[in-house]
Amino acid sequence: MDIKKLIRKNILNLKPYSCARTEFKGEASVFLDANENPYENGYNRYPDPFQTEVKRKLSKVKGVYENQIFIGNGSDEAIDLLYRIFCDPRIDNVIAPTPTYGMYQVCAEINDVEYRQINLNRDFTLNSEAILNAIDNNTKIIFICSPNNPTGNLLDITEILNILNNFNGIVVIDEAYIDFAEQDSMLKSLSCYPNMVILQTFSKAWAQASVRVGMAFASTEIIAYFNKVKYPYNINILAQKHIMEILDNEADMIRQVALLKEERKNLENELKNIPGVLNIYPSDANFILIKTNDANKTYDELVKKGIVVRNRNSITLCQGCLRITVGTPDENIITINAIKEVL
Ligand SMILES: *Cc1c(COP(=O)(O)O)cnc(C)c1O
């Protein structure tokens, strides 16, 4: 598989911005190369453009090499970079199942790239053959989100492998919710698939949404293109330091995930007893999609009670659906009682 053939010509030929700290290699005590204010206060210097220390720690936690990691301003940065690296505007196209995470389409439109949507089956399972049938010579990326947002389900691994094995382009596996699933990450197969890019994030299970740090894992070759195209100092020093600390507390994350999975089960059981809830879709994530007779009205009534859920009524295959994030036990009880009153 020749990744080079997939890269946009302008990116292949790009001479990336070379920042002061990248050009200098060695030992020094006087830094007059970056027009910084010299008075030390902890923040006056530019941060490490490649987040070396964060990647060193992350590589141990994730079991991958440091140069198989890209760190972005949320996974949203990685999604946008994928378009900018691989997709020629108005020529190339990408494919994604629908419904899925909205940012793939928004980034396609911003980058002026055709976005091909293939419906999931009625039960939200993945039809890999339908996806493969939509490929043409200009298809560069296929996005697969598993567990999928907003449906909550893991997509069948054999269907995903069918796509990975039969597409000569980039396959992105968005694992934003993998920590809540009973299935392993695909990270273990990273070296088997030179065309696979795995996205993960600190925004969900790790409880760091406001810090804006996401990860992409891929071959060293693909990661090198991410580094070529990204803004030089895309992760600020506050975020880098903070994530170093967070990575020392993986046990906290694991404990909270266990609690949230317990609460997900409780929520599901409570929702089953509410006649106005027509369907509860099985979830491998930290949210549950439910179907009601009138999602708009239910949404509005819940807002009146001070409870905000996500109205997915207007999304393909999701008519009547609301997406409810698993909250604390108290929040979940309040929400269940409110749904009982309005439905
Ligand atoms: C929440 C979410 C993300 C995370 O995005 P960040 O930019 O890292 O906060 C990525 N993918 C999916 C499918 C999500 O639902």
| remark: Of ASP92, ASP33, the only residue that is open to solvent by 40 Å² or more (accessible area, probe 1.4 Å) and in the same structural domain as ASP179 (by TED's automatic domain parsing) is ASP33
| message | Can you list residue pairs whose Cβ atoms sit under 7 Å apart, with the first residue in region 216-241 being in the same structural domain as VAL171 (by TED's automatic domain parsing) and the second being assigned to a helix (DSSP H, G or I) and of a type in the set (Asp, Glu)? Count only pairs 6 or more apart in sequence or on different chains. | response | ASN234/GLU77
| query | Which one of the conditions (1) of a type in the set (A, V, I, L, M, F, W, C); (2) part of a loop (DSSP other than H, G, I, E, B); (3) more than 30 Å from ILE69 (Cα to Cα) does LEU289 fail to meet, given that it meets all the rest? | reply | (2)
| Condition met for GLN208 (among the polar types (S, T, N, Q), in contact with a Phe, Trp or Tyr (Cβ under 8 Å, 6 or more places away or on another chain) and under 18 Å from ILE254 (Cβ atoms)) | yes
| message | Pairs please, first residue from region 264-291 and farther than 18 Å from GLN183 by Cα, second anywhere and assigned to a strand (DSSP E or B) and hydroxyl-bearing (Ser, Thr, Tyr), Cβ atoms under 9 Å, 6+ apart in sequence or on different chains. | response | GLY276/THR292; VAL277/THR292; LEU278/THR292; ASN279/THR292
| said: Based on this model, can you work out whether LEU199 counts as more than 16 Å from the ligand (Cβ to nearest atom) and either surrounded by fewer than 18 Cβ atoms within 10 Å (Cβ to Cβ) or assigned by TED's automatic domain parsing to the domain that holds ASN73 (or both)? | reply: no
| query | Hey, among the residues in region 298-327 that are free of Cβ contacts under 8 Å to residues at least 12 places away in the same chain and under 26 Å from the mean Cα position of the chain (by Cα), which one's surrounded by the most Cβ atoms within 10 Å (Cβ to Cβ)? | reply | VAL308
| said: Where the second residue is open to solvent by 60 Å² or more (accessible area, probe 1.4 Å) and more than 9 Å from the ligand (Cβ to nearest atom) and the first is in contact (Cβ under 8 Å) with a residue 24 or more places away in the chain and lies in region 194-212, which pairs have Cβ atoms under 6 Å and are six or more apart or on separate chains? | reply: PRO194/MET1; ASN195/MET1; VAL211/HIS242
| In region 1-26, the residues that are charged (D, E, K, R) and at pLDDT 90 or above | ASP2, LYS4, LYS5, ARG8, LYS9, LYS15
| task | For region 140-195, enumerate the residues that are open to solvent by 10 Å² or more (accessible area, probe 1.4 Å), of a type in the set (S, T, N, Q) and away from the ligand (no atom under 13 Å from the Cβ). | result | THR158, ASN162, ASN165, ASN166, ASN168, GLN183, SER185, SER189, SER191
| Of the residues that make up region 246-255, is at least one away from the ligand (no atom under 16 Å from the Cβ), assigned to a helix (DSSP H, G or I) and of a type in the set (Val, Ile, Thr)? | yes
| said: I need a count of the residues in region 60-77 that are within 12 Å of the ligand (Cβ to nearest atom) and open to solvent by 20 Å² or more (accessible area, probe 1.4 Å). | reply: 3
| field | Hits in region 114-144 - residues which are outside any helix (DSSP H, G or I) and either farther than 18 Å from ASN166 by Cα or of a type in the set (Asp, Glu) (or both) | value | GLU114, TYR115, GLN117, ASN119, LEU120, ASN121, ARG122, ASP123, PHE124, THR125, ASP136
| query | Out of (1) open to solvent by 40 Å² or more (accessible area, probe 1.4 Å); (2) aliphatic (A, V, I, L, M); (3) within 16 Å of the ligand (Cβ to nearest atom), the odd one out for LEU120 is which? | reply | (1)
| query | Which condition number in (1) within 16 Å of the ligand (Cβ to nearest atom); (2) more than 17 Å from GLY152 (Cβ to Cβ); (3) open to solvent by less than 30 Å² (accessible area, probe 1.4 Å) is the one that PHE86 fails? | reply | (1)
| query | Given region 11-113, what helices (runs of 4 or more DSSP H) lie entirely inside it while holding 3 or more residues that are in contact (Cβ under 8 Å) with a residue 40 or more places away in the chain and under 28 Å from the mean Cα position of the chain (by Cα)? | reply | 52-62, 75-86
| message | Kindly evaluate ALA218 against the criterion of being under 18 Å from the mean Cα position of the chain (by Cα) and closer than 26 Å to ARG84 by Cα. | response | yes
| Matching entry among ASP80, ASP48 (being touching a Cys at 6+ places or on another chain (Cβ under 8 Å) and open to solvent by 20 Å² or more (accessible area, probe 1.4 Å)) | ASP80
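The values are calculated or read from the model by the stated rules, or taken from the named source; none is laboratory data. Because the structure is a prediction, the values reported are computed rather than measured. Heads up, the Cβs are rebuilt from the backbone with ideal geometry, glycines too, and the neighbour counts pull from every protein chain shown. Surface areas here come from the heavy atoms of the whole protein model, side chains and all, with no ligands, DNA or RNA. Shrake-Rupley method; radii C 1.70, N 1.55, O 1.52, S 1.80 Å.
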